[in-house]
Amino acid sequence: MKLPESISIRDGRRCAIDRVLPSCADRYRAYQIGLAGESPYISTQVHEVKTVETLREQAQVYLDTPGHIWLAVLDESNGAQIADCMARITLREKMSHVATIGVGVRQHFRGQGLGRLLMERIIDWAVEDPTIHKLQLSMFAANTPAAALYQSLGFSIEGRRVRAFRHLDGAYDDEILMGKWLDETESTR
Amino acid sequence: MKPKAPAEQVEELRDGRSVIVRHSRQGDAERVHAYICALGCSTDTILTCAEDLPPIERIQSHIEMIPKGQFYSLVAIDPATGTVVGNATFRFAVRKKLMHAADLGMGVLPSHQGVGLGRRLLERSIDDMRSFDGIDRLELTVLATNTIARRMYERAGFVEEGVKRRSLRQPDGRYEDEVIMAMWVGES
């Protein structure tokens, strides 16, 4: 993967994809707080976002650990982070062939194909890693656009954890689990 | 509300032996660690294996979380030797949107399997969770091939929620599916 990568999104705005670096932890934190505040489909609440120091350490771990990757998308007009995607293998021997993915896009950059683009980068990265054989992710059941995106990328539903999420108003939502087995031939290209 | 006082209960097993069932407490780390290592090396039905044994510090940190209501652990002890022969734990999530769910892990050493101990541990720990404030949902994963455990969980009230395909790889390279199960213990 060649990074940073400069791209044009559907509406013409320019963005850059790069790894989340320890030095960018404060920028990431501002993004995460914005996302947690505007999206009901994030399991982290605003006040649960980690400290800059913790995020800096986390970014270093993602840089140093095999089977880990963490990408950020920046708005080139102002340098703000507007999306991210992370994947990491499970640190248990029997699950070390499975990588778990998380993806987020800020509201004002939705509907521009960024989620798909990031997912494609992650899938290509995983295919290149000979230790990763399966990708998994989960989402709020009400988040149907996300489900459609993942299914179009070859993920299938593996389960539904009933009332696994409780929103702040007390309403529950189910969690949908999805998985994708990677064959040697698999690629988004 | 925290689980009721850590009363020691003597449970008679189907083969006439008995075990002491009680909540884990300070000072248990060594015997629980020995048990986890013995279990991980004796069965391929749990996540822990010989290549992936936990450090004793992790067990100790779990025990320290118990009085704060952040972890639940029940052990069955062989009164003759003082060793742990079976256990049941519940982990609680940290984030608010997930905090109402508790994740079950349990096991029984081969020397004490097939005599009803797993079921006793399961029932006792579910009862404790029912009186645990804020817990509505109990969940677990079990190997698809582990039909004895799956039947036990079903009888206790767990319902299948899905199958994670080839999500576990045994040390010999075999892939296995995991079944995810849950039961609701909160108000419906």
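The values are calculated or read from the model by the stated rules, or taken from the named source; none is laboratory data. It should be emphasised that the depicted structure is a prediction, and the values quoted were computed from it without experimental measurement. Glycine also receives a Cβ, built like all others from the backbone with ideal geometry; neighbour counts cover every protein chain displayed. The area values use the complete protein model at the heavy-atom level, side chains included, leaving out ligands, DNA and RNA. Shrake-Rupley method; radii C 1.70, N 1.55, O 1.52, S 1.80 Å.
Numerical summary
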item	result
Local electrostatic count at residue B:168 - Lys and Arg +1, Asp and Glu -1, tallied over other residues with Cβ under 15 Å	0
Shielding of B:180-188 by partner chains, average beta-carbon count, 10 Å	2
Gaussian network model of chain B, Cα within-10 Å springs - most flexible of B:36, B:135, B:126	B:135
Listed residues A:59, A:171, A:141, most fluctuating in chain A (Gaussian network, C-alpha, under 10 Å)	A:171
20 Å cut-off, amide nitrogen to a point 7 angstrom out along residue B:94 Cα→Cβ, residues in the range A:131-151	A:138
DSSP-defined antiparallel bridges as percent of all bridges, chain A, nearest 5	90
Cβ charges +1 (Lys, Arg) and -1 (Asp, Glu), total dipole of the protein assembly as shown, debye	500
Within the range B:1-91: Cβ-based charge dipole about Cα centre, in debye rounded to nearest 20 (Lys, Arg +1; Asp, Glu -1)	460
Estimated dipole of chain B in Debye, rounded to 20 [Cβ of Lys and Arg +1, of Asp and Glu -1, Cα centre]	320
Spacing of the two label points (7 Å from each Cα toward its C-beta) at residue A:144 and residue A:128, in nm	3.7
Inter-probe distance in nm under a simple model that places probes 7 Å from Cα toward Cβ, at residue A:46 and residue B:127	4.5
Percent accessible area from carbon and sulfur atoms, the protein assembly as shown, protein chains only, probe 1.4 Å	50
Projected label distance in nm at residue A:80 and residue B:61, using a 7 Å step from Cα toward the beta-carbon	3.6
Average accessible area per residue (Å²) across the range B:18-164 - probe 1.4 Å, nucleic acids and ligands excluded	44
Estimated buried accessible area (total), pair A and B, 1.4 Å, Å² to nearest 100	2900
Shape category assigned to the range B:84-188 from the gyration tensor of Cα positions, a/c cut at 1.5	oblate
Prolate/oblate/rounded call for chain B, Cα gyration tensor, a/c under 1.5 rounded	rounded
Sequence ranges A:152-158, A:133-139, B:49-55, ranked by mean other-Cβ count within 10 angstrom, highest first	A:133-139, A:152-158, B:49-55
Percentage relative contact order, chain A, counting C-alpha pairs under 8 Å, at least six apart	17
Tensor-based shape of chain A (alpha-carbon gyration tensor, a/c under 1.5 rounded, otherwise prolate or oblate)	rounded
For residues of B:162-174, the mean tally of beta carbons on other chains within 10 Å	5
Top of B:61, B:24, B:73 by mean-square fluctuation, Gaussian network on chain B, Cα under 10 Å	B:61
Those residues of the range B:17-60 for which accessible area with every protein chain present is at least 50 Å² below the isolated value (1.4 Å probe)	B:47, B:52
Residue mean of other protein chain beta carbons inside 10 Å, A:133-139	2
